[in-house]
Amino acid sequence: MKVMTHRPATPSDYLRQSANLITAPAMWVLSSIGFFTEGARTANEFSDMSDNLLVPLGPAFSIWFPIFVGCIAYAVLQALPKNRTRDVFRAVGWWTAAGFACVCGWALITAYAPTNLVQWGTALIFIPAVGALIVATKIFTERINEVSAIERILSWVPISLIAGWCSLAIFLNWTPIAYDAFAHETASVTSSLLILAAALGLIIGVCRWSLCNRVYVFPAIWGLAWLAGRHLVAGPEVPIIGWVAIGGIILLIASALTKPRVPITGYDAETA
């Protein structure tokens, strides 16, 4: 039976808790700043700046609501005094804080960066955001036996969701840059398909690396379903992109349903 040890609280513990408690709700506030502040772009206005063939239908982005709510729930949970020195929150806390902070940076760049810099700025800041959130997800998944069922819902699930969605969204930010480099600033089906393949490769790889975390994979399936809807139903626009999106969904489901390399053990009350 695993016995958890709790080292005394340190200033780092208080800083970690505070960083998550600040950056989690800040993601939501800053991502919405364009709706109530003059001179700031909304996410939709930023998206409309380029003809991006990989942007899914609008309802896909509604996933941000449960992500934001879940991340705030996680921030509150990890900030409780009883969780200050728990090893699992110490292991993931700085990674989530870094990921959340980068998403805040993405929102500010989206809203205020000059037109000639906004695309590169959002694409570059998403790299550390995705990296930090993927690491946090992997660590938490490997230590899932250290939290109760309700704690999984309030912490592991939202962290996995935001990591999964950002793993897909990062490629949406890089697509217009690929158009500029390879298609003379026009939407390119070939460039879109290559980027879509790269996105699937990353998400499937992380899925396998993180013990077939199905929650992590779900946002990508959700986004690809709305992408397929755009190209096969609401138009249609470029059917081959829609069919590749459906093929990607099948691959993601197969990857998530495959047995993980290392079994995840159940929750033990004495470990929490």
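So what's the angle, to the nearest 10 degrees on a 0 to 90 scale, between helix 239-257 and the longest Cα principal axis of the chain?
20 degrees
Using only the alpha-carbon atoms, how far is helix 64-79 inclined from the longest principal axis of the chain? Give it as 0 to 90 degrees, nearest 10.
Once rounded, one gets 20 degrees.
Got a number for carbon plus sulfur as a percent of the chain's accessible area, 1.4 Å probe? The partial results should precede the final answer.
Numbers: 8700 of 12300 Å².
For the chain, the apolar C and S fraction of the accessible surface comes to 71 percent.
Under a point spin-label approximation (7 Å from Cα along Cα-to-Cβ), what is the Lys259-Thr37 distance to one decimal in nm?
For the pair Lys259/Thr37, the computed spacing is 5.2 nm.
If I fit a long axis through the Cα atoms of helix 11-31 and take the longest principal axis of the Cα atoms of the chain, what angle between them do I get, 0 to 90°, rounded to 10?
Orientation of helix 11-31: about 30 degrees from the principal axis.
Might you tell me the accessible area per residue for region 111-211, computed with a 1.4 Å probe and given in Å²?
Working: 3830 Å² over 101 residues.
That works out to 38 Å² per residue.
Sort out for me the Cα centre separation of region 23-84 from region 160-210, rounded to whole Å.
19 Å
Go through region 112-123 residue by residue and turn each phi into a ³J(HN,Hα) via Karplus (6.51, -1.76, 1.60, θ = phi - 60°); whole Hz please, and just put x for glycine and proline.
10, 5, x, 4, 7, 10, 4, 5, 5, x, 5, 5
From the backbone phi of region 148-162, what are the Karplus-calculated ³J(HN,Hα) couplings (6.51 cos²θ - 1.76 cosθ + 1.60, θ = phi - 60°) in whole Hz, Gly and Pro given as x?
Per-residue couplings from phi come out as 7, 4, 5, 5, 4, 5, 8, 9, 4, 4, x, 5, 5, 5, 5 Hz.
The values are calculated or read from the model by the stated rules, or taken from the named source; none is laboratory data. Because the structure is predicted, anything quoted here is derived from the model rather than measured. Positions of Cβ are generated from backbone atoms using ideal geometry, with glycine treated the same way; all protein chains shown enter the neighbour counts. Heavy atoms of the whole protein, side chains included, go into the accessibility calculation; ligands, DNA and RNA do not. Shrake-Rupley method; radii C 1.70, N 1.55, O 1.52, S 1.80 Å.
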